Each structure stands twice: as C-alpha cells, then as structure tokens.
Amino acid sequence: MSAVTVIGSSVERRVVVRTGDGVELAVREYGPRDAEVTVVFLHGHCMRAESWNDVRDELLRQFRGARVVCYDHRGHGDSAIAPRHTYNLARLGSDLGEVIDAVAPAGPVVLVGHSMGGMTVLTYVSQRPWEIGDRIVGVALVATGASGIAEAGFGRLIRHPVVSTFQTAVRCAPRLMRHAKALACKVFAPLITMAEFGDRKVSPRIRSLVNAMHNQTSIVAMAAFLSAFLDYDRTDALPTLSGVPTLILCGSADLMTPPSHSIAMAAAVDYADLALIEGAGHSVILEQPELVTAALTRLLTRAATVRTGRGHLAAAA
C-alpha cells in the first residue's frame, strides 16, 4: 500500500509516494486537480523527470484541461536509493501502478514513456492489461523498444565484456566505484554524447543537462538496470495497446534504440501512430520538444475522441 505526502504549491505540487516496499518516489504534479485527463511522463535510464520539462510546459500551454504528473524512478533524481535487487523493470512497472493509484486514483490517464520509461510502460501494461481502455486511455512510447535492446545499435554494447566487469565491480565494491564514477563520466562523456545525439550539433544547454543527469544517477542503479535490459521482452504487451490510441515516436538518428524498434512495435499495434523525427537522436524529447508535443497533442485528441465520441479535451486557442 503506497503512502502520499504533499509538499508543494498550486503551480507545482510536490508529492512523495511511498511504495509497498518502502521506497520514496519524488513526484511532481502540474495543472488542475480536476483535470479531464492526467498525463504521466516517465523518464529514461540515468535521466530524471526534468528531461520532460520542455515537452511538459508546451503541453500544459496547449491543453488547459490536462494535468501532468512526472516522477523520478527509484535510484534516480530526487527519489530514494533502493536495494540493488529491486532495480529491475518488473519493479518499475509496479512503481508506476502505485504512483497512478496514489495521485490519479480516478479519471482517464495517458502514459508517456521515454527509453527505459517506455519499457516501464510496457511492463505495466503486461502486469495490468485490464487497465488498458479503462483507466489508461492512451499510450506514447518514445525512443524505446519492446525487446532486443541489446541486439541493435549502441544497445549491443551492453553485452560487451567490459560492461560485465563493470557490473561485477559495482556489486563487490560499490563505494570505491562511486568515487571512480566522476572520473569515468568525464572519460566517457564523448561516448555518452554520441549515443544520445550522434554526430549532430545540439545546443550546449542540452548536452550539459544530459551529462548532469548521467552524473547524478546512483552508480549501483546505473549498473543494475543495464542487466535488466539484457533479457527484457514485453512484446506480449503490444497487442493490448490496440485497444487504445497509441503513439510510437523515434528520432531517425537514434543510435540507442534505432527506428527498427519503433517500426516493429507499430506493426504489432493496430492503428498506431508512428512518428519518425528526421535527424533527431535518442534524446529526441530534448532536441525537438515542439515536434514531440505536436505528436502528443494528436494522441490526446485521439484519446478524447475515442473516449467521448468527440474531441472534448480542447486545445487552448
């Protein structure tokens, strides 16, 4: 049973959700409490809720009747560090369910997940398929995949022996590895930048934001979740999404989760909206927030039309 503590203002309401296994998750709410729909944003591996800031702000400007919920996964951002064995996608799916139950216990919900956040959404769908079409009225999967994460693009590096050695070192000497992390992040910064953005020019602000998020993530969480990606397979959840409007979006230059992942997912979901943003990389939500928001706007409009038979959730003039 999750517990909720509210510590915020009317503009940004800070909420702490205590999960069933005792981990406190940092949640932020924006928009009216009596919103027609709640949009839940889920961030990626080694990121945090702030990665959605630009998209969140634009969406709230366009849809006055929407409420937005963002939260940090366990071991990320302002959420608490958790036992290492809980850093897996099954637990993240359960966390998502507990956040929804705690802060959006009634009314329609749209789930939007980027990278590991998208994997979390698919895991949740697999755990609670009865919610799809009932509580969950729309889903967006951004720069993610349903399986084979370690089989394509930069994801193949997860199987490299160096990664296995790194994970063993973290398990055996986490304190020592924490001290080495700052240096390692500087050494591997060019690789991180290439993985996120390819060889394209992006603003220094975006690069700094991504590097800061990687630096702040617990090294234990970072290493443990890499293992979770190896055998991740939630293709079983995709047919369930045929019951609700679904957006699948990816940058054409994404090196972490190449477009082949998005194309395969779209083929398994009836009437999915497949959006490929030309030239964008894995951090598409930072690189092209306006285009991402435009695609989410279409999703919300579809969800409202399906739910009520008309576009009840109106965009702001």
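The values are calculated or read from the model by the stated rules, or taken from the named source; none is laboratory data. Please read all numbers here as calculations on a predicted model, not as lab measurements. Cβ atoms come from the backbone with ideal geometry, glycine included; neighbour counts cover every protein chain shown.
When only residues in region 22-53 that are more than 16 Å from Ile100 (Cα to Cα) and touching a residue at least 60 places away in the same chain (Cβ under 8 Å) count, which is surrounded by the fewest Cβ atoms within 10 Å (Cβ to Cβ)?
This residue is Glu50.
So which of Arg67, Arg61, Arg74, Arg56 is buried (at least 23 other Cβ atoms within 10 Å of the Cβ), closer than 27 Å to Ala294 by Cβ and out of contact with any Gly (no Cβ under 8 Å at 6 or more places or on another chain)? If you could, list the steps in order and put the result at the bottom.
Details: Arg67 fails: out of contact with any Gly (no Cβ under 8 Å at 6 or more places or on another chain); Arg61 fails: buried (at least 23 other Cβ atoms within 10 Å of the Cβ); Arg74 fails: closer than 27 Å to Ala294 by Cβ.
That would be Arg56, the only listed residue that is buried (at least 23 other Cβ atoms within 10 Å of the Cβ), closer than 27 Å to Ala294 by Cβ and out of contact with any Gly (no Cβ under 8 Å at 6 or more places or on another chain).
Provide a single number: the residues in region 53-110 that are charged (D, E, K, R), under 16 Å from the mean Cα position of the chain (by Cα) and more than 18 Å from Glu29 (Cα to Cα).
Count: 1.
Take Arg61 and tell me if it is touching a residue at least 12 places away in the same chain (Cβ under 8 Å) and more than 25 Å from His282 (Cβ to Cβ).
Numbers: touching a residue at least 12 places away in the same chain (Cβ under 8 Å): yes; more than 25 Å from His282 (Cβ to Cβ): yes.
For Arg61, the condition - touching a residue at least 12 places away in the same chain (Cβ under 8 Å) and more than 25 Å from His282 (Cβ to Cβ) - is met.
Out of Gly279, Gly251, I need the residue that is within 25 Å of Cys46 (Cα to Cα), within 19 Å of the chain's Cα centre (by Cα) and modelled with pLDDT of 85 or more. Which one?
So the residue among Gly279, Gly251 that is within 25 Å of Cys46 (Cα to Cα), within 19 Å of the chain's Cα centre (by Cα) and modelled with pLDDT of 85 or more is Gly251.
Looking at region 282-310, which of the residues that are farther than 21 Å from Asn53 by Cβ and polar (S, T, N, Q) is modelled with the highest pLDDT?
Filtering region 282-310 for residues that are farther than 21 Å from Asn53 by Cβ and polar (S, T, N, Q), the one modelled with the highest pLDDT comes out as Thr301.
Go through Ala272, Ala267 for me and flag whichever is surrounded by 18 or more Cβ atoms within 10 Å (Cβ to Cβ), closer than 21 Å to Pro239 by Cβ and without any contact (Cβ under 8 Å) to a residue 60 or more places away in the chain.
Only one candidate passes the filter, namely Ala272.
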